[in-house]
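Readers should treat all values here as calculations from the given coordinates under stated rules, not as data from a laboratory. As the structure is a computational prediction, the values presented were derived from the model and not from experiment. Cβ coordinates were reconstructed from backbone atoms using ideal geometry, including for glycine residues, and neighbour counts include every protein chain displayed.
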């Protein structure tokens, strides 16, 4: 049983989702590629974004365990709501709180907590994905600030964001982690061109190719210390990985529920298909995977709340949760057969959306290297 405060928060979340994102509305937005940006102010009014911010900084000061419960609930109901929540909490609030100046925090934290703005992380480039240190976008000093030139790609929710959190090279190095700095780039700055990218799923989280040509920024656009941007990015990765793990655990629970309901009601050979051992055991395995994922998410939340090192556990949680969703959604499609393959099925949306997460937020193969390094098996280096 949840403590009374957590139960109250989750009750508010569930009431909001039932009102604003009923099943028909989720399907409408998915079919029309309509992102959930209009929901942000209401989520802000509920205090959801303020949960992750200490009271001393104007927030509600909830622990990460509570944040993870909210993320799981959002992911179970509608991944689009969870995704935009994570955009604010993981990419925005975590970065600004950790590395922002007093002026940046004073300006941005109230806007982010109120749901009146959010940040998109503009990290990936055509030749730099899992190898984040391979970025080539460059920021050069000019009178009164900086000028940025380069290209970013597969930047989710960029068009709706107020700012891009954008790493660019400021040092003489042409590659590697050294000499990278972070910038807060207003998305309406002259010199920015965005092109939407068609993709298989996650229709309510549009992605963009972004060209930056002589984008002029003031000195105060620098986020954190010059030349320390790569380390700044690595310092908050556990929040974004924990966020994804909790969110996709909720989505996996939804896939299991849909498959289980179908197995109880779909009859073949005179009985519900869930009574056949092959189907029952598949559902049991799905239940095992989802519960294992949830336990890993809870364990990681405890470490975050304790301020303990958790690089390995964050990577583990992300791998376990995203592969759980991928496999559970695939098993659900097999159980439902053509009923799941129908465009009207919620299972097919979970199935196609799930394919992103094992390589989004860090490819799982790279994260396995991270875990190997944390175990002392390979040389230390990348995140």
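Here are the numbers for this structure:
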{"read-out": "Ordering of 14-23, 339-348 by packing [mean C-beta count within 10 Å, highest first]", "value": "339-348, 14-23"}
{"read-out": "Angle between the chain longest axis and helix 237-265 axis [Cα atoms, degrees, rounded to 10]", "value": "20"}
{"read-out": "Size of segment 137-288 as Cα extents on the principal axes (Å, biggest first)", "value": "79, 29, 24"}
{"read-out": "Cα Rg over Rh - segment 235-313, Kirkwood", "value": "1.19"}
{"read-out": "Rounded to 10°, Cα long-axis angle of helix 364-374 versus longest principal axis of the chain", "value": "70"}
{"read-out": "Fraction of alpha-carbon pairs over 26 Å apart in segment 1-129 - percent", "value": "25"}
{"read-out": "In degrees, nearest ten, helix 277-306 long axis to first principal axis of the chain (Cα)", "value": "30"}
{"read-out": "By average C-beta atoms within 10 angstrom, highest first, the peptides 256-267, 46-57", "value": "46-57, 256-267"}
{"read-out": "Alpha carbon Rg of segment 197-249, scaled by the compact-globule rule 2.2 N^0.38 Å", "value": "1.60"}
{"read-out": "17 Å tail of the calculated P(r), segment 121-227, as % of Cα pairs", "value": "49"}
{"read-out": "Semi-axes of the equivalent ellipsoid for segment 236-374, Cα gyration tensor, largest first, Å", "value": "32, 14, 11"}
{"read-out": "Stokes-Einstein D in µm²/s, Kirkwood radius over Cα pairs - the chain at 25 °C with 0.890 mPa s viscosity", "value": "114"}
{"read-out": "Packing-based exposure ordering (other Cβ within 10 Å, fewest first) of 113, 43", "value": "43, 113"}
{"read-out": "Neighbour-count order for 282, 87, 105, 28, fewest beta carbons within 10 angstrom listed first", "value": "28, 105, 282, 87"}
{"read-out": "Contour minus Cα-Cα distance for residue 226 and residue 280 (0.36 nm per residue)", "value": "13.8 nm"}
